[in-house]
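Novice: This is the structure I want to talk about, given as structure tokens.
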Amino acid sequence: MVDEGPGVPPADFERIFDKFYRVQAQDRRRAGTGLGLAICRGFVEALGGWIVARNRRDRSGAVLTIRMPVVPEIVVSGSRSWRMANAYTVLVVDDEPPIRRFLRTSLVASGIPDR
């Protein structure tokens, strides 16, 4: 995920994944409860992946990178693979409708079917 906000202070890269932690904004009201990224990290790590934060290099904003293990293609019953036989389901949960729409569009663009 990439945004165009003010970015994340380097000292907060790891802390933003702590429950209830919110980055200090000098002149803005901090939104949210500070649970979203903690929940994301919990899901990602429970599934064997990892998530990291950094700032964009080309302009202001943050980049959150999620890496998940790849399930190997295993041929079963002819030409069907394990991956085809056991399709992924992605549940998108967010309290902001624009973010849900963005994630849905991004997942479909990456090849995950819309159900």
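Novice: Most exposed first by the Cβ proxy, i.e. fewest other Cβ within 10 Å, how do 91, 37, 107, 47 rank?
Specialist: Lowest count first: 91, 47, 107, 37.
Novice: Can you sort 33, 89 so the residue with the fewest Cβ neighbours within 10 Å comes first? Numbers along the way, then the final one.
Specialist: Details: 33 11, 89 8.
In order of increasing Cβ crowding within 10 Å: 89, 33.
Novice: Among 70, 2, 23, what is the fewest-to-most ranking by other Cβ atoms within 10 Å?
Specialist: 70, 2, 23
No value in this document is a laboratory result; all are computed from the given coordinates. In this text, all values refer to a predicted model and were calculated from it rather than measured experimentally. Cβ sites come from the backbone with ideal geometry, for glycine too, and all protein chains shown count toward neighbours.
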